[in-house]
Amino acid sequence: MEVFATALPALNDAFAMILQPHVLGFLVLGVVMGLCIGVFPGLGGIAGLSLLLPFMFGMEPVTGLALMIGMVAVVPTSDTFASVLMGIPGSSASQATVLDGFPMAKKGLAARALSAAFAASLFGGLVGAAFLTVFILAARPIVLLFQTPELLMITIFGLSMVGILAGRVALKGLVAACLGILVGTIGEGASSGALRMSTYDMPYLADGLKLVIVGLGIFAIPEIVALLRRDKAISDRAPLGGGWLEGVKDWWSNKWLSVRCSLIGVVVGVIPGLGGSVVDWIAYGHAVQTARDKSEFGSGDVRGVIGPESSNNAKEGGGLVPTLLFGIPGSGSMAIFISAVALLGTGSIEVGPSMLKNNLDFTYAIVWLLALANVVGTIICIAASGGIARLTEIRFALLAPFLFMIIAFAAFQSRQEIWDLVALFGIGLLGIMMRRFDWSRPAFLIGFVLAAPAERYTNQAYQIAASRFRRGFEEGIDYIFSPIVIVLIIITLLSVVIGLRQARNIQAEGTVVSGTKRAPVLFLLAVTAYIALAYWNAAVIPDFARMDRVFPVFVATVALIGCVLLLIQMMRSDETAPIFADREAEDAEDNVHSLWSTLGWFAGLLVASALVGFILALAGFLLLFIRIRAGKKWGYAVIYTACGIAFICTMAWTLNRDFPPGLLQSYVDLPWPLT
Amino acid sequence: MLKKTLRPLAGALAMSSALVATQTMADGHQIDLSGKTVEWIIPFSETGGSAKWANFYAPLLSEALPGNPTVVVTFNPGAGSTKGANAFQQMEYEDGTTIFGSSGSTQFPYLLSDPRVRYEYRDWNVVLASGTGGVAYLPADLHGMLGEGGDAAGIAGEDFIYGSQGATRLDLVPLLAWEMLGLNVEPVFGIEGRGDGRLMFERGEANIDYQTSSSFLSGVTPLVEAGTAVPWFSFGALDADGNIVRDPTFPDMPTFKEICEATEGCETEGERWDAWKAFFTAGFPAQKMVFLPAGAPEEAITTFTEAFAAIQERDDFAEISQARLGAYPQMTGEAAKTAMASATDVPQEAKDFVINWLRERYGVVLQ
C-alpha cells in the first residue's frame, strides 16, 4: 500500500506533465519523424535519435522526452509497411511479421494485413504501458532473479522456435538454424578474441556480420529477385474492398491472442541482455501453437501478423525497465536515449538505479508518452495504409530498382564500407538458394540472431557455475537449476515436442513442389562444405582460447550430422519427395526472366559501385534498368533516375551519411554526394 | 549528425553567443570556421562512453569555436576502435573541419603492439585530454573481511568472479591490481560494457567489480546506500609530479597504492608496480583525447585549444560537467601534451611485462 501511496501522486504528476499542448505537439512531431524513418528498412531508432541528439542540449526535459519517445515508439509500428508490402523485415522487431504478412499482400490483402498489424501494435503498446505502470515498482528484484543460467535458458527457448518454423523436412530446418548460428559466430570470439572464419587481413569479417545485412539479404533480396523474374505486381489479384476495416475486425476477434502476445513482449523485453530480437519469434511460435487450424500459417494467416505485432510494441515498453532502472540499454536506440536524457535540462534526470526514487514522475511520464505515441502513430498508419498498400499493384520492375537503392543504402549504414554491399549480395545469394530449395529462412535467422547470446551465456554460465561448484556441490546445483530455469526447461521441452509434431502442417513459406535431384543435392553439398570448413576453422583455435572454440565446434558437429543424415535420406528418396523441393520447377511457368540475368543487374551495380562509387553507379543502374529491363522510354528513365538520386541524396543529407566510395574516388576528389 | 539541416540552429547559437565569438576572433591567430561543419570522429558506436563524452562537448564546442561552425559527432566503430584510428591516420589536415576522439581502448592496443594498429599518436595534434578515475567495490560481507586499512589478506582465499570486457582492454588495470593484491579473480569475458559487469554484480554472480568514476557515481552509489556494495579503493589520480594521490572525486577513499602498501606481498615498487602504474597512467588520467590530424598548422591547433579552454571557463561548466564527466582535469595546451606523452609513452619494460603477463595468465598472444 505504501508503494501505491507514492505511485499514485507520481502518476498524477506524470499526466499533468504530458497533457500540455506543447508537449503533445512535440510528441506528434516525433511520431511523424519516426514514421518517416521507420518506413525505410534498416533505418530505425538509432538513426532517428542521432538526428535529434544535437537539439537535446538544455531542452526542457519533458518536451525533449516527448520528441524522442515519439520517435522511438513508432519505429516498430512503421516498419510493418516494409515487412508486409515488400517482404522486407524493416527491423529486428518485425522479422516474423514477414512470414504471414507478405503472403497476405500477395493475395491482395495488404490493407487488411496492415490494419490488423497496426491495431495489434497499438493494443500491444497500451497493454505494455499498463503492465509497466504497476510492474515497474516491483521490477528491480524480479529482473535481478534472471541470472546467466536463466538468460541462457531463454535463449535456448528462443532457439526452440526453430522446431515450429523448420518446414516440411525438420532436419533441413535444423541444419539451416545451425548454419545461421555459424554465420553468427563469424569474427572475433567474445571470450578470448580468437578469430572464426576471418582474418585480420580482412578486418570487415573480424567484426562479424550485422543483423541488418543478414536480415535484408536472407529475406528481402530473394523476394525482390523472385518478384522481378515474374515481372508483375506484388499482388497477383485485384485488392479486396474495405480492407482496413476487415483488419481491425480480425484483430478484435483475436484479441486474447493479442493480449497474450503483448504480455510475452513486455516480459521478454524487461529482461536485460536479450533485447527484442527473439520476441517476435516467440510470439509467432505462440500464435501457431495455440491456433486450432494451423494450415494457413505461412501462406497468409492473419494471426501470424497479429501475434508478433502485438509483442513488438509491448517489448519497447518492457525494454524501458533495464534502461531506466539499471541504466543498461536494452538496445542501440536505448543507449542513445540514455545519453540524450543526460543532455536534457540541467541534467537532473539520471537514468539508473536512482530513477525510481528520485524521478518516479518522469518514469511514468516516459511510460505513458510511449503509450500515447503508439496511439498517435497507429492512427496515422491506419489512415495511410490504404493508400500505401497500393504499392503492391505497381508493376514490380518499376519498384525494384528503387527498393534496391534503399536496401543498399540501409546495408551500407552497417559499417559504411563497400564490403557492406558485398556482404549483402553474398547473403542474398544464400537467401535465394535457401528459398529455392525450401530451407527454412526463419530458422536461419533465428540461429543468426541468437548465436551471440547463446555462446556468451553458455560460456559465462559455465565459468560461474564452475566457481560455484568449487565452493560446494549444492551451491552449484542451486545456481544452475533455479526454479525459473526448471520452468523454462519444461516450457522449452513442451514447445519442441508440440512444434515437431506440428511442423509438417506449418509451411512457414508456403508449399513447394519437387524438381530434379541434382540441384538440391548440390546445394546441400555446398552447405556441408561450408559447415565442414567452419568446423575445421574453429577446431584449430589453440587451447588458450578454447572458450571461443567449443561453441562453434559443437554447433558445426550437430550440423554435420544433420547434413549426413540428409544426404542419406536424399539417396534413398525418389525425386518427388519433399526433400527435393525446388522452386525453380514450381515457378517455371511464371518466370519471365532467368535468375542469373536478374542477379547480373545487381552484381553490375555492386561492381560499378566499387569502381566509380555508389551514386554514379546507381545513376547508371537506374537509367539502364528502367530503359532496358522495364522497357520504358529514355525520357521516362531519365526522370526516374533523377527522382531516385534526388531522393537518396536528400535522405543521406538529412541523416548526415556518406555513400560508398569506389576506386575512382581514391584518385579524384569529387564533391559530395559523389565522394 | 544532421550536417546541413543544423545550420539554422547553428545560426541561432551564433546570435546568442555573439559576444564570445567577437572576443575570440580578435586574436588574429585563429582560423575562421564560420559556415563550416566540424566532423568529430569517434571510433566507437553511438552507444558507448566516448559517444557520451563527445555528445557532451559537441554543442559547447560549436559555441566556442570562432565562426560557430556546426559540430557533428560521427561514428566509425570497428575492431575495438583501431579501425577508426587507422582511418584517421590516413587523413591529412585540410581546413580544420575534422577532429578525432580517442579513448583508453585506442591507447592500449597501440601500447601493446596489437597487429591491427596502423596509427601513430605522435603524428597527431592533441587539443584536449580528459581524465577520469575508477573505483573498485565489493559486496558488504566480503568488504567486512578486509583487514586494517583495506588489507586484502582476509579475502585472499575467496573465489572471485569478475565480469570483464577483455584482458587487453581497460580491464587490464583492475585485473593486474587484483593479482598484485593476491586475490584469486576469475574474469568472465564477453560482457558488452561495464554496465553489464555491474548488473552481474547486482545479481550476485560477480563478487568484485570496478566502474569508472561517472558510472560509479550514478550506478553504484545507490547500491552503496542500500548496503549491497561497499567501495574498496579508487585507482587514484596523478599529481603534477606524477605521484599517485587520492582521487579528487573520492577524497575519502583510499587509493590502490594505499591498499597495496597495507597488504603484505603487494609492492609499490619494482617491475610489476611500474607496469601497473604505466598502464594506469595510460588508461585513466588522460583517457579520452581530441586530436587534429597530421600536418595541422599552429593556427588551427591554437583555435581548438582556445575553444576547449573557453568551454571550461564557462560559468556553468562545473555544474554541467559534474554529472557527465566527474570532477576531472580537462587539459588543454601544454597540459594536454604532457598528458598525452605520459599516456602513450610507456617504458618498454612495462610493455614487455604486460605482454608477457597477458600471455602467461590469459593466453593472449599479440603478434
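Here, each number is a calculation from the coordinates, and none is a lab measurement. On a predicted model such as this, the values are computed, not experimentally measured, just so you know. All Cβ positions, glycine included, derive from the backbone under ideal geometry; neighbour counts span all protein chains shown.
Considering only C-alpha atoms, what is the centroid distance from the range B:253-276 to the range B:118-148, in Å?
Here the two parts' Cα centres lie 15 Å apart.
A:VAL607 versus A:LEU245, label points 7 Å from Cα toward the beta carbon: distance in nm?
About 5.5 nm, to one decimal.
A:TRP256 to B:GLU94: FRET efficiency via 1/(1 + (r/R0)^6), r the Cβ-Cβ distance, R0 60 Å, to the nearest 0.05?
Details: r = 63 Å, r/R0 = 1.04.
The calculated FRET efficiency here is 0.45.
Using a 10 Å cut-off on Cβ atoms, rank the peptides B:264-272, B:279-287 from the highest mean neighbour count down. Don't skip to the end; give the middle numbers.
Details: B:264-272: 13.1, B:279-287: 25.1.
Top to bottom by mean Cβ count within 10 Å: B:279-287, B:264-272.
How would you rank A:167-174, A:145-152, A:628-635, A:647-654, highest first, on the average number of other Cβ atoms within 10 Å across their residues?
Numbers: A:167-174: 22.8, A:145-152: 20.9, A:628-635: 13.1, A:647-654: 16.2.
So the peptides A:167-174, A:145-152, A:628-635, A:647-654, ranked by packing, come out A:167-174, A:145-152, A:647-654, A:628-635.
Shape verdict for chain B, please, from the Cα gyration tensor: rounded (a/c under 1.5), prolate (a/b greater than b/c) or oblate. Write out the running numbers ahead of the final one.
Values: a/c = 2.07, a/b = 1.73, b/c = 1.20.
Prolate is the answer for chain B, as a/c is 1.5 or above and a/b outweighs b/c.
Quick check: the distance between the Cα centres of the range B:171-213 and the range A:634-675, to the nearest angstrom?
47 Å
Taking Cα pairs under 8 Å and at least six residues apart, what relative contact order does the range B:134-282 come out at, in percent?
Details: 242 pairs, mean separation 45.7, N = 149.
With pairs under 8 Å counted, the relative contact order is 31 percent.
When Cβ neighbours within 10 Å are restricted to other protein chains, what is their mean count per residue of peptide A:45-57?
Numbers: counts 0, 4, 2, 1, 2, 9, 4, 2, 9, 14, 4, 2, 9.
The shielding value for this peptide is 5.
Using helices alone, I'd like the mean residue ellipticity at 222 nm for chain A: each DSSP H run of four-plus residues gives -39500 (n - 2.57), total over residue count, nearest 500. Present the calculation step by step, with values, prior to reporting the outcome.
Numbers: 31 runs with 482 residues, N = 675.
The helix contribution divided over chain A gives -23500 deg cm²/dmol.
Mind checking the full-extension length gain between A:ASP574 and A:PHE647? Use 0.36 nm per residue of separation minus the Cα-Cα distance, one decimal, nm. Show your work: numbers first, answer last.
Values: separation 73, 0.36 × 73 = 26.28 nm, distance 5.18 nm.
Result: 21.1 nm gained on full extension.
Bin width 10 Å, origin at 0, all Cα-Cα pairs of the range A:305-422: what percent of pairs per bin?
Binned Cα distances yield the sequence 11, 26, 28, 24, 9, 1.
For chain B, give the share of DSSP beta bridges that are antiparallel, in percent and rounded to the nearest 5; count only bridges with both residues there. Write out the running numbers ahead of the final one.
Values: 21 of 37 bridges.
DSSP beta bridges in chain B are roughly 55 percent antiparallel.
Who wins for biggest fluctuation among B:SER234, B:SER34, B:SER105 in a Gaussian network model of chain B, springs between alpha carbons below 10 Å?
B:SER34
When DSSP beta bridges are limited to those with both residues in the range B:134-282, what percentage is antiparallel, rounded to the nearest 5?
Details: 11 of 18 bridges.
Of those bridges, close to 60 percent are antiparallel.
Inside 10 Å of the C-beta atoms of A:80-89, what's the mean count of C-beta atoms belonging to other chains? Intermediate values should be presented prior to the final figure.
On the way: counts 0, 0, 0, 0, 0, 0, 0, 0, 0, 0.
If you average over the peptide's residues, the count of other-chain Cβ atoms is 0.
Once you keep just the Cα pairs under 8 angstrom separated by 6 or more residues, what percentage relative contact order results for chain A?
Working: 1245 pairs, mean separation 148.9, N = 675.
Relative contact order of chain A: 22 percent.
For chain B, what is the relative contact order in percent, using Cα pairs closer than 8 Å and at least 6 residues apart in sequence? Before the final figure, lay out each step's value.
Values: 672 pairs, mean separation 86.2, N = 367.
After rounding, I find 23 percent.
Which residue, B:VAL117, B:VAL173, B:VAL127, has the most motion in a Gaussian network model of chain B that connects Cα atoms within less than 10 Å?
B:VAL117
What distance in nm lies between label points placed 7 Å from Cα along the C-beta direction at B:GLU334 and A:HIS22?
4.8 nm
Taking only Cα atoms of the range A:511-586, what ratio of Rg to Rh do you get with Rh as the Kirkwood inverse-distance radius?
On the way: Rg = 15.9 Å, Rh = 13.8 Å.
Reported Rg/Rh, Kirkwood definition of Rh: 1.15.
Determine the gain in length on full extension of the stretch B:ALA226-B:ASP252; use 0.36 nm per residue of separation and subtract their C-alpha separation, reporting nm with one decimal. Display every interim value, and only then the final one.
Numbers: separation 26, 0.36 × 26 = 9.36 nm, distance 1.90 nm.
Using 0.36 nm per residue and subtracting the Cα-Cα distance, I get 7.5 nm.
Evaluate Rg over Rh across the range A:296-342, taking Cα atoms for both radii and Kirkwood's formula for Rh. Display every interim value, and only then the final one.
Working: Rg = 15.1 Å, Rh = 12.3 Å.
So for the range A:296-342, dividing Rg by the Kirkwood Rh gives 1.23.
State the volume of the convex hull built on the alpha-carbon positions of the range A:260-371, expressed per residue in Å³ and rounded to an integer.
Working: hull volume 11.0 nm³, N = 112.
So the per-residue Cα hull volume is 98 Å³.
What translational D, rounded to a whole number of µm²/s, comes out for the protein assembly as shown from Stokes-Einstein when the hydrodynamic radius is the Kirkwood one over Cα pairs, at 4 °C and 1.567 mPa s? Could the numbers behind the result be given before it?
Values: Rh = 29.8 Å.
Calculated translational D: 43 µm²/s.
Quick one: grab the alpha carbon gyration tensor of the range B:134-282, order the square roots of its eigenvalues as a ≥ b ≥ c, and give me rounded if a/c is under 1.5, else prolate or oblate depending on whether a/b is larger than b/c.
Details: a/c = 1.30, a/b = 1.26, b/c = 1.03.
Rounded is the answer for the range B:134-282, as its axis ratio a/c remains below 1.5.
Using Cβ counts within 10 Å as a stand-in for footprinting exposure, how do A:SER597, B:SER164, A:SER440, A:SER311 rank, fewest first? If you can, show how the numbers build up before the last one.
Details: A:SER597 10, B:SER164 26, A:SER440 29, A:SER311 39.
By the 10 Å Cβ count, ascending, the order reads A:SER597, B:SER164, A:SER440, A:SER311.
So for the pair A:ILE489, A:ALA466, with labels modelled 7 Å out along Cα→Cβ, what separation do we get in nm?
With each label point 7 Å from Cα toward Cβ, the separation is 2.1 nm.
Quick one: among B:GLY101, B:GLY134, B:GLY78, which has the greatest mean-square fluctuation in a GNM of chain B with alpha-carbon springs under 10 angstrom?
B:GLY78
To the nearest 0.05, how large is the calculated FRET efficiency for B:ASN184 and B:ARG122 if R₀ is 60 Å and r is the Cβ-Cβ distance? It would help to have the intermediate numbers written out before the result.
Values: r = 40 Å, r/R0 = 0.66.
FRET efficiency, B:ASN184 to B:ARG122: 0.90.
Inside 10 Å of the C-beta atoms of A:334-341, what's the mean count of C-beta atoms belonging to other chains? Kindly include the intermediate steps, with their values, before the conclusion.
Values: counts 1, 8, 6, 1, 3, 11, 2, 0.
The per-residue average across the peptide is 4.
Roughly how many debye, to the nearest 20, is the charge dipole of the range A:36-177 about its Cα centre, given +1 on each Lys and Arg Cβ, -1 on each Asp and Glu Cβ, and no other charges?
Numbers: 6 positive and 4 negative charges, 102 e Å.
For this selection, approximately 500 debye.
If you take the beta carbon distance between B:ASN243 and A:PHE544 as r and set R0 to 45 Å, what does 1/(1 + (r/R0)^6) give as a FRET efficiency, to the nearest 0.05?
Values: r = 37 Å, r/R0 = 0.82.
So the FRET efficiency works out to roughly 0.75.
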